[in-house]
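The values are calculated or read from the model by the stated rules, or taken from the named source; none is laboratory data. In this text the structure is predicted, and so the values were computed from the model without any measurement. In this analysis, Cβ positions are derived from the backbone assuming ideal geometry, glycine residues included, and neighbour counts consider all displayed protein chains. These area figures cover heavy atoms from the full protein model, side chains too; ligands, DNA and RNA do not enter into them. Shrake-Rupley method; radii C 1.70, N 1.55, O 1.52, S 1.80 Å.
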Amino acid sequence: MKESALLFQLLRSELWGQPIPADTPLPMDEFQRLLKLAQVQAVEGLVTHALIANQVALDRYEAANVFSVSSKIGVTNGQLNHEVKDLCELLSGQNIRYFLVKGQTLAALYPAPEARVSGDIDFYVYPEHFDKAKEIIQNQWNVALEEDEEGEQHLHFSRHGVLFEMHYNLMAFSSNRVQQAFDEMVSNTRLTTRKIEGIDVPVLEDRLNLVYTFLHLYHHLIEVGVGLRQFCDLAILMKTMKMDEDDRRELTDMLHRLDYLKGFYAVEDILLDYLGLPEDRLIGPKHQVSQRKRDLMMAIVAKGGNFGKHGRKHGVRSGWQYNVEMFNLKLRNYCSLYRLSPRENRAYLLKTLPSRVLFFMKR
(Lines give C-alpha, C1' and ligand atoms only; values in the text may rest on other atoms or scores of the structure.)
Protein backbone atom coordinates (compact mmCIF):
# COMPACT_ATOMS: atom_id res chain seq x y z
CA MET A 1 0.00 0.00 0.00
CA LYS A 2 1.36 3.42 -0.92
CA GLU A 3 2.43 5.26 2.24
CA SER A 4 0.20 8.31 1.61
CA ALA A 5 -2.89 6.09 1.31
CA LEU A 6 -1.93 4.25 4.49
CA LEU A 7 -1.31 7.56 6.25
CA PHE A 8 -4.88 8.73 5.60
CA GLN A 9 -6.26 5.32 6.53
CA LEU A 10 -4.47 5.46 9.88
CA LEU A 11 -5.62 9.05 10.51
CA ARG A 12 -9.23 8.11 9.82
CA SER A 13 -8.84 5.20 12.21
CA GLU A 14 -7.48 7.48 14.93
CA LEU A 15 -10.07 10.23 14.43
CA TRP A 16 -13.21 8.15 13.97
CA GLY A 17 -12.34 4.71 15.30
CA GLN A 18 -12.48 3.05 11.89
CA PRO A 19 -10.46 -0.18 12.15
CA ILE A 20 -7.97 -1.10 9.46
CA PRO A 21 -7.43 -4.70 8.30
CA ALA A 22 -5.31 -6.64 10.75
CA ASP A 23 -3.28 -8.12 7.88
CA THR A 24 -2.30 -4.70 6.45
CA PRO A 25 1.23 -5.20 5.09
CA LEU A 26 3.91 -2.77 6.23
CA PRO A 27 7.37 -3.63 4.89
CA MET A 28 10.37 -1.93 6.48
CA ASP A 29 11.00 0.53 3.64
CA GLU A 30 7.32 1.50 3.52
CA PHE A 31 7.23 1.90 7.30
CA GLN A 32 10.17 4.30 7.20
CA ARG A 33 8.57 6.38 4.44
CA LEU A 34 5.27 6.40 6.33
CA LEU A 35 6.88 7.64 9.54
CA LYS A 36 8.85 10.31 7.71
CA LEU A 37 5.71 11.50 5.93
CA ALA A 38 3.83 11.60 9.23
CA GLN A 39 6.60 13.64 10.84
CA VAL A 40 6.58 16.16 7.97
CA GLN A 41 2.83 16.58 8.53
CA ALA A 42 3.14 16.63 12.36
CA VAL A 43 0.82 13.65 12.79
CA GLU A 44 3.34 11.00 13.84
CA GLY A 45 1.68 10.69 17.24
CA LEU A 46 -1.72 9.92 15.70
CA VAL A 47 -0.16 7.48 13.22
CA THR A 48 1.90 5.56 15.77
CA HIS A 49 -1.03 5.41 18.18
CA ALA A 50 -3.23 4.03 15.37
CA LEU A 51 -0.59 1.41 14.48
CA ILE A 52 -0.57 0.25 18.10
CA ALA A 53 -4.36 0.36 18.52
CA ASN A 54 -4.92 -1.65 15.32
CA GLN A 55 -2.20 -4.14 16.25
CA VAL A 56 -0.52 -3.78 12.88
CA ALA A 57 2.15 -6.45 12.52
CA LEU A 58 5.60 -4.87 12.85
CA ASP A 59 9.07 -6.32 13.17
CA ARG A 60 11.08 -5.71 16.32
CA TYR A 61 12.81 -2.55 15.07
CA GLU A 62 9.60 -1.00 13.76
CA ALA A 63 7.69 -1.81 16.95
CA ALA A 64 10.39 -0.28 19.14
CA ASN A 65 10.41 2.86 16.98
CA VAL A 66 6.62 3.17 17.11
CA PHE A 67 6.49 2.81 20.91
CA SER A 68 9.38 5.26 21.33
CA VAL A 69 7.75 7.96 19.18
CA SER A 70 4.35 7.45 20.79
CA SER A 71 5.75 7.55 24.32
CA LYS A 72 7.78 10.73 23.76
CA ILE A 73 4.76 12.56 22.36
CA GLY A 74 2.66 11.39 25.29
CA VAL A 75 5.24 12.70 27.78
CA THR A 76 5.44 16.06 26.00
CA ASN A 77 1.66 16.39 26.09
CA GLY A 78 1.71 15.76 29.81
CA GLN A 79 4.30 18.50 30.27
CA LEU A 80 2.30 21.01 28.27
CA ASN A 81 -0.92 20.14 30.10
CA HIS A 82 0.88 20.85 33.36
CA GLU A 83 2.04 24.23 32.02
CA VAL A 84 -1.53 25.03 30.94
CA LYS A 85 -2.72 24.24 34.47
CA ASP A 86 -0.06 26.51 35.99
CA LEU A 87 -0.96 29.35 33.61
CA CYS A 88 -4.67 29.10 34.35
CA GLU A 89 -4.14 28.95 38.10
CA LEU A 90 -1.88 32.00 37.91
CA LEU A 91 -4.18 34.18 35.79
CA SER A 92 -7.49 33.04 37.26
CA GLY A 93 -6.11 33.56 40.75
CA GLN A 94 -5.53 37.22 39.87
CA ASN A 95 -8.95 37.65 38.19
CA ILE A 96 -7.37 38.13 34.76
CA ARG A 97 -9.80 37.79 31.85
CA TYR A 98 -8.26 35.48 29.23
CA PHE A 99 -8.79 32.34 27.16
CA LEU A 100 -6.67 29.68 25.46
CA VAL A 101 -6.77 28.65 21.81
CA LYS A 102 -5.46 25.75 19.71
CA GLY A 103 -2.91 23.34 21.14
CA GLN A 104 -3.88 21.44 24.25
CA THR A 105 -7.45 22.76 24.17
CA LEU A 106 -7.97 20.93 20.86
CA ALA A 107 -5.93 17.89 21.90
CA ALA A 108 -8.44 17.39 24.73
CA LEU A 109 -11.14 16.64 22.11
CA TYR A 110 -9.26 13.73 20.52
CA PRO A 111 -10.12 10.12 21.38
CA ALA A 112 -6.50 9.83 22.55
CA PRO A 113 -5.38 13.38 23.55
CA GLU A 114 -1.87 12.18 24.34
CA ALA A 115 -1.33 11.22 20.67
CA ARG A 116 -1.58 14.71 19.17
CA VAL A 117 1.81 16.30 18.47
CA SER A 118 1.95 19.35 20.72
CA GLY A 119 3.39 22.76 19.96
CA ASP A 120 3.30 25.95 22.00
CA ILE A 121 0.67 27.45 24.31
CA ASP A 122 -1.38 30.30 22.86
CA PHE A 123 -3.58 32.47 25.04
CA TYR A 124 -5.39 35.76 24.59
CA VAL A 125 -5.69 38.39 27.32
CA TYR A 126 -8.40 41.03 27.06
CA PRO A 127 -7.07 44.59 26.57
CA GLU A 128 -8.14 45.90 29.98
CA HIS A 129 -6.19 43.09 31.70
CA PHE A 130 -3.15 42.80 29.41
CA ASP A 131 -0.69 45.02 31.31
CA LYS A 132 -1.61 43.43 34.64
CA ALA A 133 -1.20 39.93 33.19
CA LYS A 134 2.17 40.88 31.69
CA GLU A 135 3.40 42.19 35.05
CA ILE A 136 2.16 39.14 36.96
CA ILE A 137 3.77 36.66 34.55
CA GLN A 138 7.09 38.50 34.60
CA ASN A 139 7.18 38.77 38.39
CA GLN A 140 5.73 35.39 39.35
CA TRP A 141 7.50 33.29 36.74
CA ASN A 142 10.65 35.38 36.31
CA VAL A 143 10.50 35.31 32.50
CA ALA A 144 11.18 37.96 29.87
CA LEU A 145 8.35 38.75 27.44
CA GLU A 146 9.44 39.64 23.92
CA GLU A 147 7.53 41.04 20.93
CA ASP A 148 6.83 38.80 17.93
CA GLU A 149 8.82 39.42 14.74
CA GLU A 150 6.19 41.54 13.03
CA GLY A 151 4.96 43.23 16.20
CA GLU A 152 1.28 42.86 15.47
CA GLN A 153 -0.11 39.89 17.41
CA HIS A 154 1.59 38.72 20.59
CA LEU A 155 4.38 38.67 23.11
CA HIS A 156 6.22 35.42 23.71
CA PHE A 157 8.23 33.80 26.46
CA SER A 158 9.57 30.37 27.43
CA ARG A 159 9.09 28.47 30.66
CA HIS A 160 10.43 24.99 31.38
CA GLY A 161 11.28 24.64 27.70
CA VAL A 162 7.72 25.45 26.57
CA LEU A 163 6.98 28.42 24.31
CA PHE A 164 4.04 30.64 25.31
CA GLU A 165 2.43 33.23 23.04
CA MET A 166 0.44 35.89 24.87
CA HIS A 167 -1.87 37.51 22.35
CA TYR A 168 -3.15 41.07 22.42
CA ASN A 169 -4.43 40.55 18.88
CA LEU A 170 -5.82 37.07 18.30
CA MET A 171 -5.29 37.29 14.54
CA ALA A 172 -3.93 39.99 12.20
CA PHE A 173 -5.57 40.68 8.84
CA SER A 174 -4.54 42.91 5.96
CA SER A 175 -8.11 44.07 5.37
CA ASN A 176 -9.29 46.66 7.90
CA ARG A 177 -12.87 45.58 7.28
CA VAL A 178 -12.11 41.93 8.02
CA GLN A 179 -10.02 42.89 11.06
CA GLN A 180 -12.83 44.97 12.52
CA ALA A 181 -15.42 42.23 11.96
CA PHE A 182 -13.22 39.55 13.55
CA ASP A 183 -12.25 41.72 16.53
CA GLU A 184 -15.93 42.42 17.18
CA MET A 185 -16.63 38.68 17.18
CA VAL A 186 -13.90 38.12 19.76
CA SER A 187 -15.07 41.01 21.95
CA ASN A 188 -18.71 39.95 21.89
CA THR A 189 -18.39 36.19 22.21
CA ARG A 190 -19.07 34.26 25.35
CA LEU A 191 -16.52 31.81 26.67
CA THR A 192 -16.87 28.18 27.66
CA THR A 193 -14.45 25.82 29.40
CA ARG A 194 -12.57 22.62 28.67
CA LYS A 195 -11.15 20.21 31.24
CA ILE A 196 -7.36 19.88 31.24
CA GLU A 197 -5.48 18.43 34.21
CA GLY A 198 -8.70 18.53 36.19
CA ILE A 199 -9.27 22.29 35.91
CA ASP A 200 -11.65 24.34 33.76
CA VAL A 201 -9.67 26.08 31.02
CA PRO A 202 -11.45 29.08 29.40
CA VAL A 203 -11.84 28.72 25.62
CA LEU A 204 -13.90 30.34 22.87
CA GLU A 205 -17.44 29.06 22.37
CA ASP A 206 -17.59 26.38 19.70
CA ARG A 207 -18.71 28.47 16.71
CA LEU A 208 -16.06 31.17 16.99
CA ASN A 209 -13.50 28.55 18.01
CA LEU A 210 -14.20 26.71 14.76
CA VAL A 211 -13.96 29.91 12.72
CA TYR A 212 -10.68 30.86 14.40
CA THR A 213 -9.19 27.37 14.05
CA PHE A 214 -10.05 27.43 10.35
CA LEU A 215 -8.65 30.94 9.86
CA HIS A 216 -5.38 29.94 11.54
CA LEU A 217 -5.10 26.90 9.27
CA TYR A 218 -6.02 28.83 6.13
CA HIS A 219 -3.72 31.76 6.89
CA HIS A 220 -0.68 29.53 7.32
CA LEU A 221 -1.62 27.40 4.31
CA ILE A 222 -1.78 30.36 1.96
CA GLU A 223 1.29 32.03 3.46
CA VAL A 224 3.88 29.25 3.68
CA GLY A 225 2.05 25.95 4.07
CA VAL A 226 0.49 23.93 6.84
CA GLY A 227 0.49 20.29 7.92
CA LEU A 228 -2.25 17.71 8.27
CA ARG A 229 -2.23 18.17 12.05
CA GLN A 230 -4.19 21.41 11.62
CA PHE A 231 -6.72 19.65 9.36
CA CYS A 232 -7.15 16.95 11.99
CA ASP A 233 -7.73 19.64 14.63
CA LEU A 234 -10.46 21.23 12.55
CA ALA A 235 -12.06 17.87 11.79
CA ILE A 236 -12.18 16.79 15.43
CA LEU A 237 -13.66 20.14 16.46
CA MET A 238 -16.37 19.83 13.80
CA LYS A 239 -17.08 16.28 14.91
CA THR A 240 -17.54 17.22 18.57
CA MET A 241 -19.84 20.20 17.91
CA LYS A 242 -23.62 19.89 17.84
CA MET A 243 -23.59 21.14 14.22
CA ASP A 244 -27.34 21.68 14.21
CA GLU A 245 -29.18 24.15 11.99
CA ASP A 246 -28.43 27.05 14.32
CA ASP A 247 -24.71 26.20 14.23
CA ARG A 248 -24.71 25.97 10.44
CA ARG A 249 -26.59 29.21 9.98
CA GLU A 250 -24.42 31.15 12.44
CA LEU A 251 -21.17 29.73 11.05
CA THR A 252 -22.22 30.55 7.49
CA ASP A 253 -23.08 34.12 8.53
CA MET A 254 -19.77 34.58 10.36
CA LEU A 255 -17.67 33.24 7.48
CA HIS A 256 -19.65 35.26 4.94
CA ARG A 257 -19.12 38.41 6.99
CA LEU A 258 -15.38 37.74 7.01
CA ASP A 259 -15.48 36.79 3.29
CA TYR A 260 -13.92 33.38 3.93
CA LEU A 261 -16.94 31.18 3.20
CA LYS A 262 -15.56 29.73 -0.06
CA GLY A 263 -12.23 29.07 1.63
CA PHE A 264 -14.00 27.15 4.37
CA TYR A 265 -15.99 25.13 1.84
CA ALA A 266 -12.73 24.11 0.17
CA VAL A 267 -11.14 23.04 3.45
CA GLU A 268 -14.13 21.05 4.67
CA ASP A 269 -14.22 19.22 1.32
CA ILE A 270 -10.62 18.18 2.02
CA LEU A 271 -11.69 16.98 5.48
CA LEU A 272 -14.49 14.99 3.85
CA ASP A 273 -12.50 13.46 0.97
CA TYR A 274 -9.16 12.81 2.67
CA LEU A 275 -9.85 12.46 6.41
CA GLY A 276 -13.32 10.95 6.19
CA LEU A 277 -15.19 13.67 8.10
CA PRO A 278 -18.84 12.52 8.24
CA GLU A 279 -20.94 14.43 5.73
CA ASP A 280 -23.46 15.44 8.38
CA ARG A 281 -20.73 17.58 9.96
CA LEU A 282 -20.46 19.93 6.95
CA ILE A 283 -22.00 23.40 7.21
CA GLY A 284 -23.11 23.35 3.56
CA PRO A 285 -23.43 21.07 0.52
CA LYS A 286 -20.21 19.28 -0.36
CA HIS A 287 -17.95 20.10 -3.32
CA GLN A 288 -18.96 23.73 -3.79
CA VAL A 289 -15.38 24.63 -4.72
CA SER A 290 -13.60 23.32 -7.80
CA GLN A 291 -11.47 20.19 -7.59
CA ARG A 292 -8.58 22.22 -8.99
CA LYS A 293 -8.58 24.53 -5.97
CA ARG A 294 -8.68 21.61 -3.57
CA ASP A 295 -5.85 19.89 -5.43
CA LEU A 296 -3.79 23.07 -5.24
CA MET A 297 -4.33 23.32 -1.50
CA MET A 298 -3.32 19.70 -0.98
CA ALA A 299 -0.23 20.24 -3.13
CA ILE A 300 0.79 23.08 -0.77
CA VAL A 301 0.22 20.78 2.22
CA ALA A 302 2.18 17.92 0.67
CA LYS A 303 5.16 20.07 -0.31
CA GLY A 304 5.55 22.33 2.71
CA GLY A 305 4.30 20.14 5.53
CA ASN A 306 3.94 21.52 9.03
CA PHE A 307 3.97 25.34 8.76
CA GLY A 308 5.87 25.12 5.49
CA LYS A 309 9.07 23.94 7.16
CA HIS A 310 9.78 21.45 4.39
CA GLY A 311 10.21 21.69 0.65
CA ARG A 312 12.05 25.03 0.77
CA LYS A 313 15.33 25.72 -0.93
CA HIS A 314 16.46 27.97 1.90
CA GLY A 315 15.80 26.54 5.35
CA VAL A 316 17.20 29.48 7.33
CA ARG A 317 14.50 32.10 7.84
CA SER A 318 16.67 35.09 6.97
CA GLY A 319 18.69 36.55 4.12
CA TRP A 320 17.65 37.91 0.75
CA GLN A 321 17.45 34.48 -0.89
CA TYR A 322 14.96 33.23 1.71
CA ASN A 323 12.91 36.42 1.43
CA VAL A 324 12.80 36.20 -2.37
CA GLU A 325 11.69 32.56 -2.16
CA MET A 326 8.96 33.44 0.36
CA PHE A 327 7.81 36.42 -1.72
CA ASN A 328 7.38 34.25 -4.80
CA LEU A 329 5.63 31.53 -2.78
CA LYS A 330 3.17 33.92 -1.16
CA LEU A 331 2.48 35.76 -4.40
CA ARG A 332 1.70 32.47 -6.14
CA ASN A 333 -0.52 31.17 -3.34
CA TYR A 334 -2.48 34.38 -2.83
CA CYS A 335 -3.09 34.74 -6.56
CA SER A 336 -3.97 31.07 -7.13
CA LEU A 337 -6.43 30.97 -4.22
CA TYR A 338 -7.63 34.55 -4.65
CA ARG A 339 -11.32 33.75 -5.14
CA LEU A 340 -11.55 31.74 -1.94
CA SER A 341 -11.12 34.87 0.23
CA PRO A 342 -11.00 37.85 -2.17
CA ARG A 343 -11.37 40.71 0.32
CA GLU A 344 -8.42 39.69 2.48
CA ASN A 345 -6.31 38.49 -0.47
CA ARG A 346 -6.80 41.77 -2.31
CA ALA A 347 -5.75 43.77 0.76
CA TYR A 348 -2.71 41.54 1.24
CA LEU A 349 -1.56 41.85 -2.38
CA LEU A 350 -2.12 45.61 -2.59
CA LYS A 351 -1.04 46.67 0.90
CA THR A 352 0.79 44.13 3.04
CA LEU A 353 3.02 42.41 0.50
CA PRO A 354 4.43 45.64 -1.05
CA SER A 355 5.12 47.09 2.41
CA ARG A 356 7.03 43.97 3.43
CA VAL A 357 9.09 44.11 0.24
CA LEU A 358 10.05 47.71 1.02
CA PHE A 359 10.86 46.76 4.61
CA PHE A 360 13.30 44.02 3.57
CA MET A 361 14.85 46.21 0.86
CA LYS A 362 15.74 48.84 3.47
CA ARG A 363 17.37 46.35 5.86
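For the stretch 286-297, a residue qualifies if it is open to solvent by less than 20 Å² (accessible area, probe 1.4 Å) and either among the charged types (D, E, K, R) or part of a helix (DSSP H, G or I) (or both), and the qualifying residues are Arg294, Met297.
This table checks each residue for (1) small (Gly, Ala, Ser); (2) farther than 25 Å from Ser13 by Cβ; (3) at pLDDT 95 or above.
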site	(1), (2), (3)
Val201	no, yes, yes
Leu210	no, no, yes
Ala235	yes, no, yes
Arg257	no, yes, yes
Tyr265	no, yes, yes
Ile270	no, no, yes
Pro285	no, yes, no
Val316	no, yes, no
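Looking only at residues in the stretch 172-214 that are polar (S, T, N, Q) and open to solvent by 60 Å² or more (accessible area, probe 1.4 Å), the one that is nearest to the chain's Cα centre (by Cα) is Thr193. Filtering the stretch 111-146 to residues that are in a strand (DSSP E or B) and touching a Leu at 6+ places or on another chain (Cβ under 6 Å) leaves Phe123, Tyr124. Of all residues in the stretch 58-72, those that are within 20 Å of Pro25 (Cβ to Cβ) and in contact (Cβ under 8 Å) with a residue 24 or more places away in the chain have Cβ atoms under 6 Å from Cβ atoms of residues that are surrounded by 16 or more Cβ atoms within 10 Å (Cβ to Cβ) and of a type in the set (Phe, Trp, Tyr), 6 or more apart or on another chain, in Glu62/Phe31. Of the conditions (1) in contact with a Ser or Thr (Cβ under 6 Å, 6 or more places away or on another chain); (2) at positive phi, Met243 clears all except one; give me its number. Single failed check for Met243: (1). Among the residues making up the stretch 224-276, a single one is over 23 Å from Leu46 (Cα atoms), in contact with a Leu (Cβ under 7 Å, 6 or more places away or on another chain) and either open to solvent by 40 Å² or more (accessible area, probe 1.4 Å) or basic (Lys, Arg) (or both): Lys262. Out of the residues in the stretch 157-171 that are free of Cβ contacts under 8 Å to residues at least 24 places away in the same chain and surrounded by 15 or more Cβ atoms within 10 Å (Cβ to Cβ), which is nearest to the chain's Cα centre (by Cα)? The extreme case among them is Asn169.
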